[in-house]
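A short worksheet on the structure shown next.
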C-alpha cells in the first residue's frame with residue numbers, strides 16, 4: 001500500500017537513494033534538505049522530477065523543522081512515515097574535539113531527530129498510527145577508535161528510539177532502527193575533524209592513526225563491491241513495506257562482517273529488554289497497538 005513519507009537529509013547518500021527507491025515503488029515522498037534552491041538545487045530538481053515534493057529543512061533549527069514538518073503534512077494530507085536520516089560523521093582523536101565540536105555533532109545527529117519527532121508526533125498520535133525510522137549505525141552499538149563524538153551520538157539515538165518505542169506503542173506509532181556499516185557515500189567526504197589541532201599534534205606520531213585507519217577502511221570498501229549504499233535504502237524501504245506489528249525493531253545493513261556480530265548482540269539485548277520489562281510489568285509497552 002502506498003504511504004506518505006518524509007525523509008530528512010535527502011540531498012545525498014542514503015536519503016537520496018531511499019527517496020528514489022520509495023518513489024519507484026509508488027510511495028508519496030517529501031524529501032527535506034537544506035539549500036533546496038541553492039547548493040542542493042540539482043538533487044532537489046532530480047527528486048522533484050522523480051515525483052517527490054521538496055521541503056526546505058535544517059534539522060538544527062527549531063523554526064525550520066516546525067515549518068518543514070507542517071509543509072510536509074500539508075503536501076501529503078497526512079504523514080504515515082518519517083525517516084530520520086540526516087546525520088554527520090567524524091574522524092579524529094576524541095580529546096581533540098572541542099565541546100563546541102561535540103555540540104555541532106549532537107545538534108544534527110540527536111537534537112535534530114528530537115526536533116523532527118516533536119514536530120510530527122502530535123499528528124501521528126492523533127491518527128493513532130505511524131512509523132518513525134532511525135538511521136543509526138553499527139557504531140551506535142559498539143565503538144571503534146577515532147569516531148568518538150559520532151559513536152556517542154549514535155548510541156544516544158539508539159536510546160532515544162528505545163524510549164519512544166515504549167512510550168508510543170499504545171498510540172499505534174511504530175519505531176524502527178536501521179544500523180548501517182560504513183558505505184562509500186559522500187558522507188565519508190564530509191567527516192568533521194577536530195578543531196583543536198594543537199591537542200591532536202600533542203599525541204605525536206599517534207596523531208596520524210585516524211587518517212591511516214580511514215585509508216585502510218577506504219581500501220576495504222573498494223575491495224568489497226557488495227557494500228552498496230542501496231543496501232541501506234532497501235532496508236528502510238523493506239521496513240516501510242512491512243505491515244505494522246510485524247516489523248523488526250532493529251535491522252542491520254552491512255556486508256563487511258561487522259553486522260554479523262552486531263546481530264547477535266541485538267538479539268541478546270532484545271531478550272534482556274523483554275525480561276526486564278516483564279519483571280516490571282511493562283511487557284505491553286513493547287507491543288504495538290494496531
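Which residues, taken from the range 275-290, are surrounded by 13 or more Cβ atoms within 10 Å (Cβ to Cβ) and part of a helix (DSSP H, G or I)?
277, 283, 285, 286
Could you list all residues from the range 239-262 that are at pLDDT 95 or above, in a helix (DSSP H, G or I) and surrounded by 15 or more Cβ atoms within 10 Å (Cβ to Cβ)?
Residues satisfying the conditions are 239, 240, 262.
Please state which one of 265, 183 is part of a loop (DSSP other than H, G, I, E, B), under 20 Å from the mean Cα position of the chain (by Cα) and in contact (Cβ under 8 Å) with a residue 12 or more places away in the chain. Talk me through it step by step, then tell me what you get.
Details: 265 fails: part of a loop (DSSP other than H, G, I, E, B).
Going through 265, 183 in turn, just one is part of a loop (DSSP other than H, G, I, E, B), under 20 Å from the mean Cα position of the chain (by Cα) and in contact (Cβ under 8 Å) with a residue 12 or more places away in the chain: 183.
If you go through the range 132-151, how many residues are closer than 27 Å to residue 282 by Cβ and surrounded by fewer than 22 Cβ atoms within 10 Å (Cβ to Cβ)?
Qualifying residue count, the range 132-151: 1.
Counting only residues that are assigned to a helix (DSSP H, G or I) and out of contact with any helix residue (DSSP H, G or I) (no Cβ under 7 Å at 6 or more places or on another chain), how many does the range 122-147 have?
Here is the first cut: in the range 122-147, the residues assigned to a helix (DSSP H, G or I) are 122-127, 138-140.
From the residues that got through so far, the ones that are out of contact with any helix residue (DSSP H, G or I) (no Cβ under 7 Å at 6 or more places or on another chain) too are 122, 124, 126-127.
Number of matching residues: 4.
Any residue that is over 28 Å from residue 7 (Cβ atoms), touching a residue at least 60 places away in the same chain (Cβ under 8 Å) and surrounded by 11 or more Cβ atoms within 10 Å (Cβ to Cβ) - is there at least one of those in the range 211-220? Give the steps one after another, and end with the answer.
So the first thing to find is which residues in the range 211-220 are over 28 Å from residue 7 (Cβ atoms), and the list is 211-213, 215-216, 219-220.
Of the ones still in play, those that are also touching a residue at least 60 places away in the same chain (Cβ under 8 Å) are 211, 213.
After this cut, where a residue has to be surrounded by 11 or more Cβ atoms within 10 Å (Cβ to Cβ) as well, the list is 211, 213.
Checked the range 211-220: at least one residue is over 28 Å from residue 7 (Cβ atoms), touching a residue at least 60 places away in the same chain (Cβ under 8 Å) and surrounded by 11 or more Cβ atoms within 10 Å (Cβ to Cβ).
One line per residue, one yes/no per condition, for (1) in a helix (DSSP H, G or I); (2) surrounded by 17 or more Cβ atoms within 10 Å (Cβ to Cβ); (3) in contact (Cβ under 8 Å) with a residue 12 or more places away in the chain; (4) in contact with a strand residue (DSSP E or B) (Cβ under 7 Å, 6 or more places away or on another chain):
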residue: 168; (1), (2), (3), (4): yes, yes, yes, yes
residue: 177; (1), (2), (3), (4): no, yes, yes, yes
residue: 189; (1), (2), (3), (4): yes, no, no, no
residue: 200; (1), (2), (3), (4): yes, yes, yes, no
residue: 205; (1), (2), (3), (4): yes, no, no, no
residue: 208; (1), (2), (3), (4): yes, no, no, no
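Would you mention how many residues in the range 82-107 are in a strand (DSSP E or B) and either under 13 Å from the mean Cα position of the chain (by Cα) or surrounded by fewer than 18 Cβ atoms within 10 Å (Cβ to Cβ) (or both)?
Quick first cut of the range 82-107, residues in a strand (DSSP E or B) only: 82-84, 90.
Narrowing the set further to residues that are either under 13 Å from the mean Cα position of the chain (by Cα) or surrounded by fewer than 18 Cβ atoms within 10 Å (Cβ to Cβ) (or both) leaves 82-84.
Total satisfying the criteria: 3.
Filter the range 5-34 for residues that are without any contact (Cβ under 8 Å) to a residue 40 or more places away in the chain and more than 20 Å from the chain's Cα centre (by Cα); which is farthest from residue 254 (Cα to Cα)?
So, considering only residues that are without any contact (Cβ under 8 Å) to a residue 40 or more places away in the chain and more than 20 Å from the chain's Cα centre (by Cα), the one farthest from residue 254 (Cα to Cα) is 26.
The values are calculated or read from the model by the stated rules, or taken from the named source; none is laboratory data. From a predicted model like this one, the values you see are computed outputs, not experimental measurements. Positions of Cβ are backbone-derived with ideal geometry, glycine not excepted, and every protein chain shown enters the neighbour counts.
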